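Here is the structure we will look at.
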Amino acid sequence: MGNRQQRSKQARLFERLKKLYAEMEAQYDRVARQIGLNCQGCPDNCCVSYFQHHTYVEWAYLWHGLRQLPQQSRERYCQRAQDYRHQCEALLRKGQTPKIMCPLNEDGLCALYPFRLMICRFHGVPNQVSMPDGSRRRFPGCVICQHKTAALSQVPVLDRTASYIKLAELERKFIKEAPHPLPKVDMTLAEMLVQGPPGFMS
Ligand code: SF4
Ligand code: SF4
């Protein structure tokens, strides 16, 4: 596939990912409304959570957003990502789970909000996902949400399963053009910044 063809295929996949992200947001907003969860003025900040991400297509889309920022900002975030990674490694060596502010967080706000990854979009509310082996993983939502739902007899839950399936489909299509088999992605956002965009991204 030529470069031009590859770029337009990538653009189409990014459009589909953008739509999927919008669906996730709508799902999230519905559940957050039912619970009465509102991030505005939140005294906590979940951007210190230690998340791993697992798809090349999200990694590439994050870089697609990053490339639209002025070079100076991009360099600042990448430098912060280096620092974040070193701090994380030190804590992990001590057996501690890192709780460090995400390098993209600017005064409490996400500098790449439209490009933020799936986990950032689902974290706040109670959610679950059914795995291919039939097991189900549950997540209670952020600490603020857990306080709010503690008194509820029935807790609304967001089901991530359909989104996972759609994301997996996009990922399959995205990596199809890679010139060789790719290792599994298991990275923090900071590692995605430090490493640069996936090598085969156009
Ligand atoms: S998801 Fe929860 S912890 Fe994060 S900003 Fe919103 S209310 Fe605060
Ligand atoms: S990418 Fe944005 S929303 Fe996600 S943790 Fe970082 S600052 Fe927060």
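Which residues, counting only those in segment 35-48, are crowded, with 16+ Cβ neighbours inside 10 Å and more than 8 Å from ligand 1 (Cβ to nearest atom)?
Ile35
As an exercise: evaluate Tyr21 against (1) in contact with a Pro (Cβ under 7 Å, 6 or more places away or on another chain); (2) assigned to a helix (DSSP H, G or I); (3) not hydrophobic (A, V, I, L, M, F, W, C) and give the number of the one condition it does not meet.
In the conditions (1) in contact with a Pro (Cβ under 7 Å, 6 or more places away or on another chain); (2) assigned to a helix (DSSP H, G or I); (3) not hydrophobic (A, V, I, L, M, F, W, C), Tyr21 misses (1) alone.
Between residues in segment 99-117 that are over 14 Å from Ala190 (Cα atoms) and residues that are away from ligand 1 (no atom under 13 Å from the Cβ) and open to solvent by 50 Å² or more (accessible area, probe 1.4 Å), which pairs lie under 6 Å by C-beta distance while being six or more apart or on different chains?
none
Kindly indicate whether Cys78 is near ligand 2 (Cβ under 10 Å from one of its atoms) and either open to solvent by 30 Å² or more (accessible area, probe 1.4 Å) or in contact (Cβ under 8 Å) with a residue 40 or more places away in the chain (or both).
Values: near ligand 2 (Cβ under 10 Å from one of its atoms): no; either open to solvent by 30 Å² or more (accessible area, probe 1.4 Å) or in contact (Cβ under 8 Å) with a residue 40 or more places away in the chain (or both): yes.
In short, no.
Quick one: would you say Asn127 is under 29 Å from Lys19 (Cβ atoms), within 16 Å of ligand 1 (Cβ to nearest atom) and touching a Phe, Trp or Tyr at 6+ places or on another chain (Cβ under 6 Å)?
The answer is yes for Asn127.
Out of the residues in segment 89-110 that are in contact with a helix residue (DSSP H, G or I) (Cβ under 7 Å, 6 or more places away or on another chain) and open to solvent by less than 40 Å² (accessible area, probe 1.4 Å), state the one that is farthest from Gln68 (Cα to Cα).
Going through the qualifying residues, I end up with Pro98.
The values are calculated or read from the model by the stated rules, or taken from the named source; none is laboratory data. Values in this document were obtained by computation on a predicted structure and should not be read as measured data. Every residue, glycine among them, receives a Cβ derived from its backbone with ideal geometry; neighbour counts consider all protein chains shown. Side chains included, ligands, DNA and RNA excluded: accessible areas come from the protein's heavy atoms. Shrake-Rupley method; radii C 1.70, N 1.55, O 1.52, S 1.80 Å.
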